[in-house]
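Please treat every number below as a calculation from the coordinates, not as lab data. Predicted, not measured: the structure shown is a model, and the values here were computed from it. Heads up, the Cβs are rebuilt from the backbone with ideal geometry, glycines too, and the neighbour counts pull from every protein chain shown.
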DNA sequence: AGAATGTTAGTTAGCGTTAACGTACATTAG
DNA sequence: CTAATGTACGTTAACGCTAACTAACATTCT
């Protein structure tokens, strides 16, 4: 008794069974060209009974299109990025495209590896979020791709469309510092992220605030990974090391929350002893006690717009486009 | 001046340039077969200068392997799932596989569409999380795939390996109810999810508790989507409709948090006026005030194990395997 | 020395599609 | 009535790669 091997049903099988050419079947499947009603229906019924499913690989080989878009994020676990991915996925699925997700765990080397592996033969377009790579490396990697959209990073040579905040990077933390100063704070700490200063260096950040009459010491500023754990650990050290601080800015909400937890454990009252401002406005920020003052970012829309810009590019539009979003301050209990 | 069209560099280009056959180049690229050191190095240098990158599509067509695994989740925005995806992605990337993510937004039709589109020619294996589809439909859809792992759902015919909680589904809510009863609560509400009763119907749930001497009225139990918003909205109605309740179980933490918010807005003190228990133990649960009593679920490990089981299957192992995880009660302030 | 074995390569034939062109027949226009 | 125009399909040749086989040559063994 011969083992029935599960065999792929090909276009040719359908064509033979239906008594037509493979091209006819192909045209029915793709709904292209002109086909008579009767032939179409007949072929469709044969397809159904045989259970034919087109081979994506073969199709990709000849058309050079894979119906997949790549998405690179540093941390899918961060609600900020998962919301963006959700937006991207919604648009992609609407257009019958799949999402190839690469989660780099905040590791530049893994990001580079991912960009190296992915290329035209894998995906039709690419959306890169908050790349940690230096611009020149990033550009060389993105050059392989015919359609690219970059989130939160401008591309000087217009090699990609961009989704950007209305302020330059780091600006929201600058605004947060001014907000705190206006509310009487003079000793303000800053637990910043690589990307939260972006094009602005932490030194520029300090200098700029100094010229506004807001003196911030360099040691009050510490680099952190954009995770709750990092915020918590650095927060603990920070609070112990600089008891004079009356306010702290977190690079994002996760970090701000970690700081807040550390502060509470150290016996500080929020906001009386220590005011805290975050960024991103993830769900968590509004639910804790006190709720966190933060900058709202329209993450879902960012994903949607990035995907739309990408599809524009994939459709051959070579015009450089930007989608600008605004971050708005949400005043809540942690820094009233 | 002729436009230089960006042209793909093929194996043949490399072979011609290096003065060898395409097979030799292929062997160098794939590191298979025996190649002399000198030839290998020569070919590699030609590959580097020409910037050759293998075509995934062509490779997939001939090998029938795509180096991609599909992952279907209902809501990537839910930390529960994003953690699982992170675990899967880590294992996959370790083995040079990419993750094709499908986010169904809790919509069964979209899930079915996704399972329909994906098949062997797209992915080498599939991990399905918490499918909302009826078993028979799910089975018929999974049959197309050579390697499948299902999370939080048993597959009667062993068509897929499984990652399962040590208790049958719904059991943790049952335990939560018993816990609350032991702490003196007699009027316990339950905002449940489709999957939180799983194989157990809500009627069975009530009957079982009744036989334990814990009478729960049917109207105290309401179905909810597994989101914060749903929990909040249903929580508001529930609290207004059944002021007699002294405790509520949420199907997961997001729902429990929504309920808690609604309760606080209605002037209830937690836990004095209303005790709340959630499930999953997402970060949020430990950070709110009061922190939420919940069942911890090792989500990252679930993802890792699911991926490992999947790779076992992809490597040809046809043994049915299960990975069983335990959910442990974390007592916190919302239900001490 | 001759046979057996090992090593390094080349040759051939697809994998399952679709683009581009070709052909037969029916319809309309002049 | 012939020529022009459609309509509905069929044919052929790739797309870029690798499995499977073959070939040449070097090495070892008896």
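A few remarks follow.
- Linear extension gain, residue A:167 paired with residue A:23, 0.36 nm per residue minus alpha-carbon span: 46.5 nm
- Estimated from the Cβ-Cβ distance and a Förster radius of 60 angstrom, the FRET efficiency linking residue B:241 and residue B:38 is about 0.15.
- Relative contact order of the range B:1-90, taken over Cα pairs closer than 8 Å and 6 or more residues apart, is 23 percent.
- 0 to 90° range, to nearest 10: angle between helix B:108-117 axis and chain B longest Cα axis: 10
- Using alpha-carbon coordinates, inclination of helix B:79-94 to the longest axis of chain B, degrees: 20
- Length-normalised contact order for chain B - Cα pairs under 8 Å, 6+ apart - percent: 16
- Placing a label point 7 Å from Cα along the Cα-to-Cβ direction at residue B:286 gives distances to the equivalent points in the other copies of 2.5 nm, listed shortest first.
- Taking the DSSP beta bridges with both ends in the protein assembly as shown, the antiparallel portion is around 10 percent.
- Ordered by the count of other Cβ atoms within 10 Å of each Cβ, fewest first, A:81, B:190, A:311 give A:311, A:81, B:190.
- Cα centroid separation - the range B:53-101 against the range A:11-64, whole Å: 29
- Adding -39500 (n - 2.57) for every DSSP H run of four residues or longer, then dividing by how many residues chain A holds, sets the calculated 222 nm ellipticity at -13000 deg cm²/dmol.
- Working from Cα pairs under 8 Å separated by at least six residues, relative contact order for the range A:154-264 is 30 percent.
- Shortest-first nm distances, residue A:213 label point to equivalent points in other copies (7 Å, Cα→Cβ): 7.2
- Nearest-ten-degree value, helix A:171-182 long axis tilted from longest Cα axis of chain A: 30
- What separates the residue B:183 label point from its copies, with the point 7 Å along Cα to Cβ, is 3.3 nm, written shortest first.
- Sequence of A:130, B:121 once ranked by neighbouring C-beta atoms within 10 Å, starting from the fewest: B:121, A:130
- Note on chain A: with a GNM built from Cα contacts shorter than 10 Å, the maximum mean-square fluctuation among A:98, A:211, A:154 falls on A:211.
- For the range A:171-296: rounded, prolate or oblate by the Cα gyration tensor [a/c cutoff 1.5]: rounded
- Per-residue mean of C-beta atoms belonging to partner chains within 10 Å, peptide A:46-59: 4
- Highest-MSF residue in chain B out of B:134, B:290, B:226 [GNM, Cα springs under 10 Å]: B:134
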